[in-house]
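Please read the structure below before turning to the comments.
What follows is calculated from the coordinates using simple rules that are stated; it is not laboratory data. Keep in mind the model is a prediction, meaning the values are calculated, not measured. Ideal geometry is used to build each Cβ from the backbone, glycine not excepted, and the neighbour counts take in all protein chains shown.
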Amino acid sequence: MSTTLFGRSALLFGCAVGALAAAGSAAAQTAPADPAQLDEIVVTAERRSENLQDVPVSVGVVQGDQLRAIQAGGGDILELAARVPGLYAETTTGRIFPRFYIRGLGNIDFYLGASQPVSIIQDDVVLEHVVLKSNPLFDIAQVEVLRGPQGSLFGRNTTAGIIKFDTNRPTMDWQGRASASYGSYNTVTFDGGVGGPIVADKLAFRVSALYQRRDDWVDNVYDGPSADGTVSPKKDAMGGFEEKDVRLQLLMAPSDMVSMLTSVHARDYEGTSTIFHRAGLTKGSNSVADEPRSQIALDEAMDNPQAYKTYGASEHITLNLGGVTLTSITAYETTSGYSRGDTDGGAGADYPVNGVANGFGQSQGNVRDLDQLTQEIRLASDGDGRFKWQVGGLYFDQRDTTDFYQRAYFLTGAANNPNNWVRLRNKNESWALFGQASYELAPGFTLTAGGRYTKDIKETRLVRTAANAAGVSSYAGRRYVRLKGEEPSWDVSALYEVNPNVSLYARVARGFRGPTIQGRSAVFNSDFTTADSETILSGEAGIKTSLLDNRVRFNLSGFAYRVKDIQLNGNDVNGNGVLFNADKAEAYGLEAELEARPFENFTLSAGLSLLHSEIKDKDVYAQVCALNGVVVCTVNDPTITANTFAGPALFAQIDGNPLPNAPKYTANVAARYDVPLGNGGKIFAATDWFVQGYTNFVLYRTDEFYSKGDFEGGLKIGYTAPDNRWEIAAFARNITNEKNLKGVIENYMAAVFNEPRVIGVSLSGKL
């Protein structure tokens, strides 16, 4: 393997202007005295407010305004990957199921209960379940992506890293901001927040809201019989969505010693689950040029609907005890909903394999009820002395009841089987103690060490088995599985300030990911699959610089890691995720980030990540793409034949292969140029581009299941009023309308595509 890596709009705006009149953003940037200089970026990567350049951790930062610009066309949390080197994101289950990868580490499993090595933290609350991780981003102040194992301070243990979202909080001064946009496919976005004092210096509030929608734009052109009553052909049958979200925060500060932040939020989402384009790929080719993105021929699944409702609340209490601060964070999240899809991506009768029609497939996952409770207590030293410390503990409890329905459940007439579904009850309980200390050993030289000890318990109980139409079950597998993991995690880092403008750092960290259970396979009368705990040892070193009188900020980091007993996910003949452990995986690479303001009215930012990853286990194999006993793709790895519950099947040796969804490189660039006007306003033009190198989508190598050289770009041109009070602009997302391959369903040679071009107008403003 090579080591070289390289009419409605007027209404919308009227509403927005009305909101803006009562509604600015609380940015985590400090404006410089010289407008030609870069803003200082303040992060909380170590649970303290610090300059990004003074933190011995590789951190990618996206400001709220930057995020809203790339989400103006209706984008969601996945858009982050285009702005942060080392971060990749995708989904094959729609907007409610994002999957994240940092430095190549992630999880391709589409099971609703799948664990991920990337943690999501929103306002200091860990969001563990994949549905909770899809909570939309609105009225965001800043996003921080902490690359590498992060066990000492945040949430739960994670082997890959953390994505940390901080919303705009209430202040004792009136503040507000709002943005609105309208574009192609009647895409509408409104994102705003406003707040201020209720009782001067004692009580303040902030209310934030998000509204997003898009019309259905994908035609179902299937013209034939349907076994479940799906009506087709139908124009504009799917692809749309509607997202409604609200959040209320109350800040109480009865004295200088006490502050209490109460937050409640609600989400109501309806949309379309991921559309799989059957035979979008042909054997021996990676080209998808001939497959239309706006047309599909689905015979079942009622146009792939999905819907979720989520509610949550948290209480953040801070006590100043004189020299130390005690923090308590109590949070509760609950969600319920479903996602249904035609999993074969087409009408099975139209795609005979080995002389037999195959691919009459649909499924539905229902989270009947999910409850997550977390409690964190933390005690930390105050001040900027040479010695700083913090200790704490975390309790995590998540329980859900989840149903999985297969095709026969939905069929009409004699083919209907009302018993073709299963119910699982899952429980995940975790306790942890953690701490961190840092000491400035000499002027400019600081040593930091932290650790966490975690006990993680997972349980899955099969409370209802699938059965035939007569109610007779043939399931012979396990009905209850309990796994436990207890491991330490730790990190040691050093930061040396060469001078006020240049710092060097190094970090070594050990991370831990608890065991995982995959129970969905019971719907096919297959036993649970499991994976034991995995651990990671990671090392990195880097340089952080502020150059040319703070007009250039350049940060560079190199890293290497080894994951032992890495948890992987393959597919069986039914497309079920199958969990297993490989001996190890190794990777190395680098990340570079540049921000520059060479002159007052021009800003440039760029990022680059390079990655080489390998699975290392000569005894581990993954089942390959097959239907009716025929291998439908071109497998480039050594293969063996082995018996499965469904008979003999072909398996590929994956030793030496890259991790799935681990791009060899990603690069992004963004630029903005302002033309000042005599009234104090300015005309501006901004653009951003993202390119992605070779990315394998599965565990084995093929001629089909990968992407290479995909890119997307955006453009925005507009006017900004004096003092940046408001802005009006025209924009385009995916301006060249690139059709990029984002995922696959192997057995059906099915392709998943990115979003189409969206052109529109936007308005934003602040108090």
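Tabulated results
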item	result
Vicinal HN-Hα couplings computed from phi for the stretch 383-397 (Karplus, 6.51 cos²θ - 1.76 cosθ + 1.60; Hz; Gly/Pro x)	x, 10, x, 5, 10, 10, 8, 7, 9, x, x, 9, 10, 10, 9
Kirkwood Rh, Cα atoms: Rg over Rh of the stretch 518-647	1.19
Burial ranking of peptide ranges 611-619, 249-257 (average Cβ count within 10 Å, highest at the top)	611-619, 249-257
Packing rank of 593-599, 231-237, 469-475, 738-744, where each peptide gets the mean count of other beta carbons within 10 Å, highest leading	738-744, 593-599, 231-237, 469-475
Packing-based exposure ordering (other Cβ within 10 Å, fewest first) of THR187, THR516	THR187, THR516
Contour excess over end-to-end distance, with Cα ends at MET257 and GLU40 and 0.36 nm allotted per residue	75.3 nm
The stretch 181-334 - Rg over Rh from alpha carbon coordinates, Kirkwood radius	1.22
Stretchable slack from ARG368 to ASN724, in nm (0.36 nm times residue separation minus alpha-carbon distance)	123.5 nm
Largest-first ellipsoid semi-axes for the chain, taking √(5λ) over the Cα gyration tensor eigenvalues, angstrom	41, 31, 26
Rough spin-label spacing in nm, given labels placed 7 Å along Cα→Cβ, for VAL472 and THR736	6.1 nm
Backbone N within the stretch 465-493 under 13 Å of label point (7 Å from ALA449 Cα along the Cβ vector)	490-493
Rough spin-label spacing in nm, given labels placed 7 Å along Cα→Cβ, for VAL246 and VAL199	2.5 nm
Partner lysines for LYS244 [C-alpha distance under 30 Å; skip if fewer than 8 residues away on the same chain]	LYS133, LYS164, LYS234, LYS235, LYS309, LYS427, LYS716, LYS739, LYS742, LYS766
Net charge contributed by nearby residues that have their C-beta within less than 13 Å of ASN555 (K/R +1, D/E -1)	-2
Highest-first arrangement of 650-662, 369-381, where packing means the average Cβ count within 10 Å	650-662, 369-381
Shape category assigned to the stretch 267-331 from the gyration tensor of Cα positions, a/c cut at 1.5	prolate
Inter-label distance for ARG386 and ASN601, nm, one decimal - labels placed 7 Å from Cα along Cα-to-Cβ	5.1 nm
Cα shape, the stretch 88-217, gyration tensor, a/c 1.5 rule	oblate
The stretch 67-110 versus the stretch 358-390: alpha-carbon centroid distance in Å	18 Å
Whichever aspartates and glutamates have a C-alpha closer than 13 Å to that of LYS484, once near sequence neighbours (fewer than 8 apart) are set aside	GLU429, ASP456, GLU459, ASP532, GLU534
